[in-house]
1. Give me the net charge of LEU27's neighbourhood, meaning all other residues with Cβ under 14 Å from the Cβ of LEU27; Lys, Arg count +1, Asp, Glu -1.
2. Compute, for region 169-317, the length of the dipole vector about the Cα centre, with Cβ point charges of +1 (Lys, Arg) and -1 (Asp, Glu) only. Units Debye, rounded to 20.
3. How charged is the neighbourhood of ASP84? Take every other residue with its Cβ under 13 Å from the Cβ of ASP84, and add Lys/Arg as +1 and Asp/Glu as -1.
4. Placing +1 at every Lys and Arg Cβ and -1 at every Asp and Glu Cβ, with all other atoms neutral, what dipole size does region 108-230 have around its Cα centre, in debye to the nearest 20?
5. Grab the Cα-Cα distance for GLU330 and LYS182, subtract it from 0.36 nm times how many residues apart they are, and report the gain in nm with one decimal.
6. For the chain, take the longest principal axis of its alpha carbons; what is the angle in degrees between that and the long axis of helix 314-324, to the nearest 10 within 0 to 90?
7. From the residues MET48, ILE348, ALA233, which one has its Cα farthest along the dipole of the chain in the positive direction, the dipole being from +1 and -1 charges on Cβ of Lys/Arg and Asp/Glu about the Cα centre?
8. Round to the nearest 10 and give me the degree value, 0 to 90, for the angle of helix 89-102's Cα axis relative to the longest principal axis of the chain.
Amino acid sequence: MSIIIKPARLSGEIAAIPSKSQAHRMLICAALASEPTLIRCQSAGQDMDATARCLEALGAKLRWEADGCHVTPIGEAAQDAVLDVGESGSTLRFLLPVVCALGVNATFILHGRLAQRPLEPLWSELQRNGARLSRDESTIEVSGCLTGRDYTLAANVSSQFLSGILMALPILGGGSLTMTGKLESESYLNMTVEALQRFGSNIKREDTTFYVPNGPLKSPESCAVEGDWSNSAFWLCAEAIGGQSIKVTGLDPASPQGDRAVVEVIAAIRKGNAVIDCTQIPDLVPPLAVLAALTPGNIRFAGAARLRLKESDRITACVQLLRSLGGEAEELPDGFTVEGKRRLQGGIVDSFGDHRIAMAAAIAAAGCEGEIEILNPQAVEKSYAAFWQDYCRLGGSIAWKEVT
C-alpha cells in the first residue's frame, strides 16, 4: 500500500497519545511487582502491544479496560515461554535481562530489521553472569539464570541495555550497574529510574554507578502514563512549518522525557542556522529534518551515528526523504546537513518501513507544492496506530493506493 497526500493546511487540537517509552517501563514494573497495578493508559501501537503480549507469555495477566490496563504480576514464571517481540527493540532489550533474571527457558521471536540490530555489549555481560544465549536469523534462545549482582556496561551504545539490567536487578535481590564511557539518551535512563522509584525501589545513583537495594517492587495500585513528546513532535514541527495552527494537549513541560527538548530545538531551527546535537534526542531527528528543509538557512544534525541502527538507517532515510521532495540535504558519517527553503516540490517517498520516516513525510506535505506519495505508510502502526486518523482530523487530505 501507499498513501497520497495533497497539500493542505493543518489546524485544530489533538491529544497526545500515551508515551510508549513510559508505558513499556510501567507495564514491566507492574508485571514484576508484588500486587496488581492499574496502568492508566490505552495501547497506542504495535510496540506497546508487543511488551504486553510478552509479559502475558511469562505469566502476567493484563486486562485492558476503559480506565487502562489492569496488570496482575507474574507469579511463577512460565517455562519455555515464546516471546514474540515483533519489531520492538525496547521490548527485546528490556525483557532479555528480565528473562535471564527469572531463570526460565524462553524463545524470543524477532521480526523485520530488529534481527539485525546489535545486542552487544549486553549479550556478553548476560553470558558472563550465568545466562546461556544463542541466536539465529530471527530467534534468540535463553536458558540458565543470572547469578551475578554487579554489572558493567558501556553507556554509549543503547540506554535500553542499561534499563533492562536495572529492571532485572530487583528480581536478583538487588545489585549494582556501573556505566563506562559517555552516557547517551540519558533521559530515557532517567525514565527507567523514575519508573522503578514509583514502584517502591530506593534506587540510587552515585557518579557512574546505580545501586538497586534488595526487595521486590511494590505496586502503587495505579499510575498514569503521560503524553508522548516523541510522537507529538510531528505535530509540533508541522505547526512550526508555517500556515498551520495545531494545539497538542496532554504534554507535561516538566516531563522526564528528554524529547520535550523539541520546543527549544524548533526555536533554534527557526532562527535559520544551527548545529543540532542529536546525542540525547535521536527520535526527534526525522520531524526536525522536515522542519529544517522548510526553513531558510543551513542546519547540521550531528551526533546522530546511532540513527543508522534504528528501524531504518535514519540518516540515509532522512536525506533521501528530503531529496525525494526537492530538498537539499547531504549525508555525513554522524548526521547530515540541510539547506532549507520555504517550499518543497512533492514526490514519492520510501518510508523504509520506518514509522518515524512515514510520519515525517506526512507533515512535509504542508510545505509542498505538489502531492506526496508515501510507500508503506502502515509503518506508523508501530508507535502511533491512529496517526492517519488524527492527520485527517486536523484537515489532512489522504487517499490510499494499492501498489502493484
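1. +4
2. 260 debye
3. Local net charge: -3.
4. 260 debye
5. Taking GLU330 through LYS182 to full extension adds about 50.6 nm, to one decimal.
6. 20 degrees
7. Value computed over the given set: ALA233.
8. Approximately 0 degrees, to the nearest 10.
Just so you know, all these numbers are worked out from the coordinates, no wet-lab data involved. Computed from a predicted structure; not experimentally measured. Glycine also receives a Cβ, built like all others from the backbone with ideal geometry; neighbour counts cover every protein chain displayed.
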